[in-house]
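Worksheet for the structure shown next.
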Amino acid sequence: IADALERQLQIIRETPVRGDIDPEIAGRVGANWVVEHGCLPLRIQDERLIVAMADPLDFDAVNELESLYSLPVEPRIATAAEIGRVTKP
């Protein structure tokens, strides 16, 4: 499904890897928020917030993140399982 979304929406697919996640950026939202939205802020790149999202059309999550970080959000498609795997201790 994630691969199909990547093709249809032309949004990059990214499998989150712990080493690619900025802990300060990811830590601004709580673990419960990440699980609830299936969405994990990864890093700031080129003045954009790169975010792994199971549902890249969750505009409520995008709006919340843009308000919190004061940056435009660039969603990257990831599965909820991939996001969960990197957020577990």
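The values are calculated or read from the model by the stated rules, or taken from the named source; none is laboratory data. Fair warning: this is a prediction, and the values are worked out from it, not measured in the lab. Don't worry about glycine lacking a Cβ; one is built from the backbone with ideal geometry, like all the others, and counts go over all protein chains shown. All accessible areas refer to the heavy atoms of the entire protein, side chains included, with ligands and DNA or RNA removed. Shrake-Rupley method; radii C 1.70, N 1.55, O 1.52, S 1.80 Å.
What length, rounded to one decimal in nm, is gained on full extension from Thr87 through to Gln10, with 0.36 nm per residue of separation minus their alpha-carbon distance? If you can, show how the numbers build up before the last one.
Details: separation 77, 0.36 × 77 = 27.72 nm, distance 2.57 nm.
The Thr87-Gln10 span can extend by a further 25.1 nm.
Can you tally the net charge around Ala80? Count Lys and Arg as +1, Asp and Glu as -1, for every other residue whose Cβ sits under 12 Å from the Cβ of Ala80.
Values: positive: Arg85; negative: Glu36, Asp55, Asp58, Glu82.
Counting the neighbours of Ala80, the net charge comes to -3.
Pairs of alpha-carbon atoms within less than 8 angstrom and 6+ residues apart define the contacts here; what relative contact order does the chain have, in percent? Don't jump to the answer; show the numbers that get you there.
On the way: 132 pairs, mean separation 30.5, N = 89.
It rounds to 34 percent for the chain.
Tell me the accessible surface of Leu71 in square angstrom (1.4 angstrom probe, heavy atoms of protein chains only), to the nearest ten.
Probe radius 1.4 Å; accessible area of Leu71 about 40 Å².
Convex hull over the alpha-carbon atoms of the range 16-56: what's its volume per residue in Å³?
On the way: hull volume 2.8 nm³, N = 41.
Taking the convex hull of the Cα positions in the range 16-56, it is 69 Å³ per residue.
How high is the FRET efficiency between Arg28 and Thr79 when r is their beta carbon distance and R₀ equals 35 Å, given to the nearest 0.05?
Details: r = 22 Å, r/R0 = 0.64.
Efficiency, from the Cβ-Cβ distance: 0.95.
As a test of the formula, what do you get for the chain when each DSSP H run with n ≥ 4 contributes -39,500 (n - 2.57) and the sum is divided by the residue count, at 222 nm and rounded to the nearest 500 deg cm²/dmol? Could you put the intermediate results ahead of the total?
On the way: 5 runs with 38 residues, N = 89.
Mean residue ellipticity, 222 nm, calculated: -11000 deg cm²/dmol.
Place a +1 charge on the Cβ of each Lys and Arg in the range 40-89 and a -1 charge on the Cβ of each Asp and Glu, then give the dipole magnitude about the Cα centre in debye, rounded to the nearest 20. Before the final figure, lay out the partial values.
On the way: 5 positive and 9 negative charges, 67 e Å.
For this selection, approximately 320 debye.
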